[in-house]
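Down below is the structure, laid out as structure tokens.
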Amino acid sequence: METGQAIYVAGHRGMVGAALVQELRRRGYHNLITRTHAELDLTDQAQVRAFFQAERPAAVYLAAAKVGGIHANDSFPAEFIYQNLMIEANVIHEAWRAGVQRLLFLGSSCIYPRLAPQPIPEGALLTGVLEPTNEPYAVAKIAGIKLCESYNRQYGTDYRSVMPTNLYGPGDNYHPLNSHVIPALLRRAHEAKSGGLDELVIWGTGTVRREFLYVEDMAAACLHVMDLDQATYATHTEPMLSHINVGAGEDLTIAELVALICATVGFTGRIRYDPAKPDGAPRKLLNTERLSALGWQPRVALKEGLERTYRAFVDAQ
């Protein structure tokens, strides 16, 4: 794309959306369109229609979503499925009505079955039962993929989907109950250290494995996928299996992650696990061969990413 073309970044105040805006600006794109939730409610079709008819961007990055960790997903399943379905349906449909030919939809690795083969290939989609704790969110994200594919098949658009692994980085949500694992653990370890506590209690057994990708790497991967010409993208995907996994290529146990976070924060107390709390899926490591074949690799290792993230957290206090 030319650097002067209008690009709409939906969800620019979220962690991923903010990183996308930063990466686009770094690469010289200067005609970026953003709206806060107060300015544009993406669950309201009339508002979204009026916005697209007025702005008519050349491309869209759909990073807006209602997100949260295990507790949030388990506590608010109706909100997670409804809001995400409405956001996706409104933005994708109204983008098409306004003549937008290029769009990138950001999904989630939770789209895959709970017991999917590891590392999880894109072809594992819709082959088994989802993880119960975040099934509503996963169903909504699967619908987003299928919306993109369906509009491509019927209308000839070039709408693409990327499925990130667990993301973290500056600008994350540090809510004590509703955040994802890394920001939740960083905050709790920081508060335990600051409060002089000698013990930190962690949900679950600590044995499940997770993969984590620094948010700036995710933003770079999004632009890489969007920059691919249509023939190259089509060669590495299928019309009804068109999404691309984005991950770090390696995982670790939650216990190993806790040790890294405690070292980053400087908490030296005892760690106690609470097996009465849910673990979630036993493992979620993405197969990223498709993206690697398209010429992209992550740059920020987990240790460095955690250090950057913690510095940003402390600076924001």
Response to the item:
Here the residues within the stretch 268-289 that are assigned to a strand (DSSP E or B) and under 15 Å from L185 (Cα atoms) are R270, I271, R272, Y273, D274
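Give the stretch 87-110 a look and list any residue that's within 19 Å of Y155 (Cα to Cα) and assigned to a helix (DSSP H, G or I), or say none.
The answer is E88, A89, N90, V91, I92, H93, E94, A95, W96, R97.
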Discussion item. Considering only the stretch 76-86, I want to know if a residue exists there that is β-branched (V, I, T) and either outside any helix (DSSP H, G or I) or surrounded by fewer than 22 Cβ atoms within 10 Å (Cβ to Cβ) (or both).
Written reply: yes
Item to complete: Restrict the check to the stretch 227-242 and report whether at least one residue is surrounded by 15 or more Cβ atoms within 10 Å (Cβ to Cβ) and within 24 Å of A281 (Cβ to Cβ).
Response: yes
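With respect to A221, is the statement that it is farther than 19 Å from N134 by Cα, in contact (Cβ under 8 Å) with a residue 12 or more places away in the chain and surrounded by 22 or more Cβ atoms within 10 Å (Cβ to Cβ) true? Step through it out loud before you land on a result.
Working: farther than 19 Å from N134 by Cα: yes; in contact (Cβ under 8 Å) with a residue 12 or more places away in the chain: yes; surrounded by 22 or more Cβ atoms within 10 Å (Cβ to Cβ): yes.
Spelling it out, A221 is indeed farther than 19 Å from N134 by Cα, in contact (Cβ under 8 Å) with a residue 12 or more places away in the chain and surrounded by 22 or more Cβ atoms within 10 Å (Cβ to Cβ).
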Practice prompt. Hey, can you tell me all the residues within the stretch 172-183 that are crowded, with 20+ Cβ neighbours inside 10 Å and either out of contact with any Pro (no Cβ under 8 Å at 6 or more places or on another chain) or small (G, A, S) (or both)?
Written response: S179, H180, V181, I182, P183
Practice prompt. Starting from the stretch 268-288, keep only residues that are over 15 Å from L200 (Cβ atoms) and polar (S, T, N, Q), then list their pairs with residues that are at pLDDT 95 or above and outside any loop (DSSP other than H, G, I, E, B) whose Cβ atoms are within a distance under 6 Å, requiring at least 6 positions of separation or different chains.
Written response: N287/I120; T288/N245
Worksheet item: Within the stretch 87-116, can you find the residues that are buried (at least 21 other Cβ atoms within 10 Å of the Cβ) and farther than 20 Å from A65 by Cβ?
Response: A116
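Condition first: surrounded by 17 or more Cβ atoms within 10 Å (Cβ to Cβ) and hydroxyl-bearing (S, T, Y). Can you find one or more residues in the stretch 184-202 that meet it?
Taking the stretch 184-202 first, the residues surrounded by 17 or more Cβ atoms within 10 Å (Cβ to Cβ) are 184-190, 192, 200, 202.
Narrowing further to those that are hydroxyl-bearing (S, T, Y): none.
Looking for residues that are surrounded by 17 or more Cβ atoms within 10 Å (Cβ to Cβ) and hydroxyl-bearing (S, T, Y), one finds none in the stretch 184-202, hence no.
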Worksheet item: If a residue has to be part of a loop (DSSP other than H, G, I, E, B), more than 23 Å from P170 (Cβ to Cβ) and either among the β-branched types (V, I, T) or touching a residue at least 12 places away in the same chain (Cβ under 8 Å) (or both) to count, how many in the stretch 5-48 make the cut?
Response: 6
Discussion item. Looking at the stretch 165-182, can you tell me whether even one residue there is in contact with a helix residue (DSSP H, G or I) (Cβ under 8 Å, 6 or more places away or on another chain), acidic (D, E) and modelled with pLDDT under 95?
Written reply: yes
Response to the item:
Over the stretch 260-317, the set of residues over 25 Å from G195 (Cα atoms) and touching a Gly at 6+ places or on another chain (Cβ under 6 Å) is D279, L286, T288
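Residues are listed down the side, and each one gets a yes or a no for (1) touching a helix residue (DSSP H, G or I) at 6+ places or on another chain (Cβ under 7 Å); (2) assigned to a helix (DSSP H, G or I); (3) crowded, with 22+ Cβ neighbours inside 10 Å:
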site: D74; (1), (2), (3): yes, yes, no
site: Q118; (1), (2), (3): no, no, no
site: G123; (1), (2), (3): no, yes, no
site: G128; (1), (2), (3): no, no, no
site: V139; (1), (2), (3): yes, yes, no
site: R153; (1), (2), (3): no, yes, no
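Going by the structure shown, is T235 polar (S, T, N, Q), part of a helix (DSSP H, G or I) and either under 17 Å from the mean Cα position of the chain (by Cα) or farther than 15 Å from P183 by Cα (or both)?
Working: polar (S, T, N, Q): yes; part of a helix (DSSP H, G or I): yes; either under 17 Å from the mean Cα position of the chain (by Cα) or farther than 15 Å from P183 by Cα (or both): yes.
Yes; evaluated as a whole, the condition is true for this residue.
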Item to complete: Go through the stretch 265-289 and give me each residue that's surrounded by fewer than 19 Cβ atoms within 10 Å (Cβ to Cβ), at pLDDT 95 or above and either among the hydroxyl-bearing types (S, T, Y) or in contact with a strand residue (DSSP E or B) (Cβ under 6 Å, 6 or more places away or on another chain) (or both).
Response: T268, G269, R270, I271, R272, Y273, D274
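Given the residues L20, L40, which is the only one that is surrounded by 14 or more Cβ atoms within 10 Å (Cβ to Cβ) and under 12 Å from L223 (Cα atoms)?
Unique residue meeting the criteria: L20.
The values are calculated or read from the model by the stated rules, or taken from the named source; none is laboratory data. None of the values given here were measured: they were computed from a predicted structure. Note that we place each Cβ from the backbone using ideal geometry, even for glycine, and neighbour counts take in every protein chain shown.
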